[in-house]
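For reference, the structure discussed in these notes is given below.
The values are calculated or read from the model by the stated rules, or taken from the named source; none is laboratory data. Given the structure is predicted, the values throughout are model-derived calculations rather than measurements. Cβ placement follows ideal geometry from the backbone for every residue including glycine, while neighbour counts extend to all protein chains displayed.
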Amino acid sequence: MRIDILTIFPEMFESPFNHSIIKRAKEKNIVDIQIHNIRDYSKNKHKRVDDYAFSGGAGMVMMIQPISDCIEELKAQRDYDEIIFMTPDGELFKQNLANEISTYKNIIILCGHYKGIDERIREQYITREISIGDYVLSGGELPAAVLCDSIIRIIPGVLNDETSALSDSFQNNLLSPPVYTRPRVYNGIAVPDILLSGDDKKIDNWKFEKSIERTKNRRPDLLKDND
Ligand code: ADE
C-alpha cells in the first residue's frame, strides 16, 4: 500500500511513523508512506499556503493552489482509491472503515489547518472526509497518524501473529477480554485459575464471556451497533 500525506508540518510524522508496527511495515515494504510539504508547492514568492477568508471573520484559510498542484502531480503518477481529508465534520472513524481502507492500494491523506481549506479542494478532489472523534484538534496531522496506524496494523503480514489483529476490540463489536502475565500471584492478587487450567475450550468460553460482560458494562451501544 502507498500512502501520500499532504501537510504543512511534515516533522509531526517523524516519531509516529518510525517506531513499532508502522516502522516494521515500512521495513517489510508492505507500506510506502510519502510525506509532501504543501509549502513546497506554493507559487507565492513568500511560500504562503494560507490567506484571509473572503467572508472576513477570524482565522486563515488554506489556499487552493499549492494543494491542487500537489494532488494533480500525484494523480498524474498513479490512480488513487481514495483522497481523504481529515476534518472534524467528516464521517466518524470506526474499525469497519479502517478494515475497508486497509485493502486499498493507493491513498492520499490531506491534513487541514487554520480555519479550514478552500471549499473548492473538497469539492474537486476529496472523495472521503474522516473525523477521528467529536472534538477539535489543531490540525489533521495527529488524526492522519491515527488513521495510518489503524489501517497499517491490520494489513496481512504486518503483525507477526495474524490472528491478533482479528481479536482486537471492535473487530466483532466486542471489547477484548482481560489479559494477564507472570507472576501468577502478585501482592496476594492471583490470575484467574481457569487461565492456568490448560483447557483451551474452557478458556475460550471464559474469554468470550468476559468480552460480553465488558462490552455490556462499558459500551452497551456496541451490542446494538452493527454498522
Ligand atoms: N482536524 C481537527 N480535528 C479533527 C478531528 N477530530 N478529526 C479529524 N481531523 C481533525
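With respect to VAL31, determine if the residue is of a type outside the set (Gly, Ala, Ser), more than 16 Å from the ligand (Cβ to nearest atom), closer than 26 Å to ASP168 by Cβ and surrounded by 18 or more Cβ atoms within 10 Å (Cβ to Cβ). Yes; evaluated as a whole, the condition is true for this residue.
For segment 1-54, the set of residues classified as more than 17 Å from the chain's Cα centre (by Cα) and either outside the structural domain of LYS75 (by TED's automatic domain parsing) or on the phi > 0 side of the Ramachandran plot (or both) consists of ASN29, LYS47, listed by residue number. In the set (1) touching a Ser or Thr at 6+ places or on another chain (Cβ under 6 Å); (2) farther than 16 Å from LEU147 by Cβ; (3) not polar (S, T, N, Q), the condition left unmet by LEU92 is number (2).
Exactly one residue out of SER138, SER150 is surrounded by fewer than 16 Cβ atoms within 10 Å (Cβ to Cβ) and modelled with pLDDT of 95 or more, and it is SER138. Among the residues of segment 160-200, those identified as charged (D, E, K, R) and in a helix (DSSP H, G or I) are GLU162, ASP193, ASP200. Figure legend. Inter-residue proximity from segment 120-142: first residues among the hydroxyl-bearing types (Ser, Thr, Tyr), second residues near the ligand (Cβ under 8 Å from one of its atoms), beta-carbon distance below 8 Å, spacing 6+ or different chains. Indicated pairs: SER131/MET86; SER131/THR87; SER131/PRO88; SER131/GLY90; SER131/PHE93; SER131/PRO143; TYR135/PRO88.
Considering only residues in segment 137-164 that are under 15 Å from the mean Cα position of the chain (by Cα) and of a type in the set (Asp, Glu), the one that is nearest to the ligand (Cβ to nearest atom) turns out to be GLU141.
Could you please find all residues in segment 96-111 being touching a strand residue (DSSP E or B) at 6+ places or on another chain (Cβ under 6 Å) and either over 20 Å from ALA145 (Cβ atoms) or within 11 Å of the ligand (Cβ to nearest atom) (or both)? Correct list: ILE109, LEU110, CYS111.
Here TYR52, TYR114 are screened, and the one residue that is over 30 Å from LEU175 (Cα atoms) and more than 16 Å from the ligand (Cβ to nearest atom) is TYR52.
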